[in-house]
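The values are calculated or read from the model by the stated rules, or taken from the named source; none is laboratory data. It should be emphasised that the depicted structure is a prediction, and the values quoted were computed from it without experimental measurement. No Cβ is skipped: glycine too gets one built from the backbone with ideal geometry, and neighbour counts run over all protein chains shown.
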Amino acid sequence: MFGINSIQVDVLAFGAHPDDLELAMGGTLLKLKAQGYRVGLVDLTRGERGSRGTGQTREAEAKAALEIMGADFRENLDLGDQELRDTPERRRAVIECIRRHKPQLVFTHYLQDRHPDHEGAAQLVKHAMFLSGAVNMDASGEPHSPKRLLHFFSHWMNEPNVYVDISEFYERKIRAAKSYTTQFYDPSSTEPATHLSRPEFWEDLEARFRFFGVQIGVEYAEAFWMREKIQVDDPVALFCGQ
Ligand SMILES: [Zn+2]
């Protein structure tokens, strides 16, 4: 369930550090799972160089979060916290991961972000996804081309163009995110303060998902950016629900 495996999924989500997926798109992952899709979570690093917690504590927290997320598996590629960049070696690891799990839909970070590992993850997954389908790529596994890549937002964002209503799943998403206890506000902690450990962090987070919700007329939503344009064959059915 937690190590490297070959479980095939419909949806594969790549986060730079354990906690990125729950914070940015946990509601969507919960919703997709509830809709019957097979969902895999991949952490690209162990977050071992973060200001708070250790590789070990973050692994235990990721396991606790997985219990709540109910995904089909979670694995960690351990590609090096604070040095996550698009290099040939790391690209091969991500390509082989995509080929093992054969997803149709892939999620990862947005291309620009305050954290260099998040930008590194976006470039790495984008390029690996393209090359995963290349027959002569120097990587093991059968070539596989996922259909779409959607980017989620951690700090910086572009104007989103895909929204998912997560109202029903918001409470569970927050519960899963709070499994990463070392990362968030704890008055008894003696570890360095960070952007995430501010007491007002949860209110800021709620404001973001409420705002996305307001933009599509629901209580809470998660939002994404997709490079491709959306083709519509039947605007009446899509926009008028007929
Ligand atoms: Zn992160």
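Structure notes:
- Scanning the stretch 32-46 for residues that are surrounded by 24 or more Cβ atoms within 10 Å (Cβ to Cβ) and within 24 Å of E206 (Cα to Cα) yields L41, D43.
- Filter pass, A176 being within 16 Å of the ligand (Cβ to nearest atom) and at pLDDT 95 or above: yes
- Residue that is farthest from G15 (Cα to Cα), among those in the stretch 77-113 that are among the basic types (K, R) and surrounded by fewer than 18 Cβ atoms within 10 Å (Cβ to Cβ): R92
- Among residues of the stretch 32-57 being among the β-branched types (V, I, T) and more than 12 Å from the ligand (Cβ to nearest atom), the one that is nearest to K126 (Cα to Cα) is V42.
- In the set (1) touching a residue at least 60 places away in the same chain (Cβ under 8 Å); (2) touching an Asp or Glu at 6+ places or on another chain (Cβ under 9 Å); (3) assigned to a loop (DSSP other than H, G, I, E, B), Q112 fails one condition alone, (1).
- When R74 is tested against the conditions (1) more than 14 Å from the ligand (Cβ to nearest atom); (2) buried (at least 20 other Cβ atoms within 10 Å of the Cβ); (3) under 15 Å from the mean Cα position of the chain (by Cα); (4) closer than 20 Å to M226 by Cα, the lone failure is (4).
- Breaking point among (1) within 16 Å of the ligand (Cβ to nearest atom); (2) over 16 Å from the mean Cα position of the chain (by Cα); (3) small (G, A, S), for A65: (2)
- The stretch 103-119: number of residues that are out of contact with any Ser or Thr (no Cβ under 9 Å at 6 or more places or on another chain) and either farther than 22 Å from G3 by Cβ or away from the ligand (no atom under 16 Å from the Cβ) (or both): 8
- Qualifying position, being assigned to a loop (DSSP other than H, G, I, E, B) and without any contact (Cβ under 8 Å) to a residue 24 or more places away in the chain, among G36, G47: G36
- Residue that is surrounded by the most Cβ atoms within 10 Å (Cβ to Cβ) [pool: residues in the stretch 7-23 that are within 9 Å of the ligand (Cβ to nearest atom) and part of a helix (DSSP H, G or I)]: D20
- Remark: L29 falls outside the filter, which requires a residue to be farther than 23 Å from R172 by Cα, buried (at least 21 other Cβ atoms within 10 Å of the Cβ) and either within 16 Å of the ligand (Cβ to nearest atom) or touching a residue at least 40 places away in the same chain (Cβ under 8 Å) (or both).
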